Amino acid sequence: LVCTLEHRRALRQQAHNRIASLVERYANKIAPRDRVAVWDKQVSTFLNALAQARPNGAVLSAVTIGNLAKWKAVVRRDQPGARLAGTKRTIADINAYFDSGILKQRPDGLIFDLQQRVIYLVEIARTGDSEASLRNRYIQKTLKYGPIVEALGAAFCPCKVEQVTLVIGVLGSIIESTWRRSLTTLGIPDARQDKLIRKCMTATIEGTHSVL
């Protein structure tokens, strides 16, 4: 997948972007009123989106297990006059959990499910079609974004942070069990998983043909 020709690099990026757009479209259908999502944006943009998602920056409040239910009720109502649950925090307070380099990173997607209090980091990758290539790329992406996962978990404790990494070969190969598990984690039902996987396979193969 290494090539110095600019037009081929651009075509490979287009294929990646097409797959990412498909995943974004399917993910955005899940409880849209309860989720705050950004796609192909820096981590700092995601944090700012959370600050603006509810009146008074309610999403940023420091929450404990004891007032978690109240916090969920506050962010569900989305009312300007709602009394805050937890300790009010500013975007500067949240940014303090992140190194400047992490704030500038841009995974393919970041989603905060407010009612489940789960943050999803979504990353898409294309690679060779051998099982070894698929597994190695998965591990590489998991390690690359590990620091973001850790920082998000610390900044929004108590919460769960899930990294959803979807790796597909240039000729459409996938490790299906990994994809199914990842899409289920993201909340995409089985019937939609079938359609999404087929569309992603088509997109990566068409992308490869355009490069050749």
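The values are calculated or read from the model by the stated rules, or taken from the named source; none is laboratory data. As the structure is a prediction and not an experimental result, all values here were calculated from the model. We place every Cβ from the backbone using ideal geometry, glycine too, and count neighbours over all the protein chains shown. What goes into the accessible areas is simple: the full protein's heavy atoms, side chains included, and nothing from ligands, DNA or RNA. Shrake-Rupley method; radii C 1.70, N 1.55, O 1.52, S 1.80 Å.
Considering only residues that are assigned to a loop (DSSP other than H, G, I, E, B) and touching a helix residue (DSSP H, G or I) at 6+ places or on another chain (Cβ under 7 Å), look in the range 93-105 and name the one that is surrounded by the most Cβ atoms within 10 Å (Cβ to Cβ).
Once the filter is applied, the top-ranked residue is 98.
Go through the range 131-154 and report how many residues are closer than 15 Å to residue 169 by Cα, in contact (Cβ under 8 Å) with a residue 24 or more places away in the chain and either exposed (fewer than 15 other Cβ atoms within 10 Å of the Cβ) or aliphatic (A, V, I, L, M) (or both).
Adding up the residues that qualify gives 3.
Just to be sure, is residue 36 free of Cβ contacts under 8 Å to residues at least 60 places away in the same chain and buried (at least 18 other Cβ atoms within 10 Å of the Cβ)?
Numbers: free of Cβ contacts under 8 Å to residues at least 60 places away in the same chain: no; buried (at least 18 other Cβ atoms within 10 Å of the Cβ): yes.
Answer is no for this residue.
Which pairs have Cβ atoms under 6 Å, sit 6 or more apart or on different chains, and link a residue in the range 87-109 that is over 27 Å from residue 56 (Cβ atoms) to one that is buried (at least 17 other Cβ atoms within 10 Å of the Cβ) and at pLDDT 95 or above?
What qualifies is 105/43; 107/121; 107/123; 107/145; 108/20; 108/122; 108/123; 108/124.
I'm checking my understanding of the structure. Among residues of the range 155-181 that are in a loop (DSSP other than H, G, I, E, B) and within 17 Å of the chain's Cα centre (by Cα), which one is surrounded by the fewest Cβ atoms within 10 Å (Cβ to Cβ)?
Residues of the range 155-181 in a loop (DSSP other than H, G, I, E, B): 156-159, 170-175.
Next, only the ones that are within 17 Å of the chain's Cα centre (by Cα) stay: 156, 159.
Numbers: 156: 23, 159: 17.
Only one residue fits best here, namely 159.
So, in the range 55-69, of the ones that are in contact (Cβ under 8 Å) with a residue 40 or more places away in the chain and not in a helix (DSSP H, G or I), which residue ends up most open to solvent (accessible area, probe 1.4 Å)?
The initial filter retains those residues of the range 55-69 that are in contact (Cβ under 8 Å) with a residue 40 or more places away in the chain, namely 59, 63-65, 68.
From what is left, the residues that are not in a helix (DSSP H, G or I) are 63-65.
Numbers: 63: 10, 64: 77, 65: 129 Å².
The extreme case among them is 65.
Mind checking which residues of the range 108-120 are more than 11 Å from residue 40 (Cα to Cα) and of a type outside the set (Asp, Glu)?
Passing the criteria: 111, 112, 114, 115, 116, 117, 118, 119, 120.
Determine the pairs where a residue that is more than 21 Å from residue 169 (Cβ to Cβ), located within the range 185-201, has a partner that is at pLDDT 95 or above and basic (Lys, Arg) with Cβ atoms under 6 Å apart, the partner being 6 or more residues away or on another chain.
none
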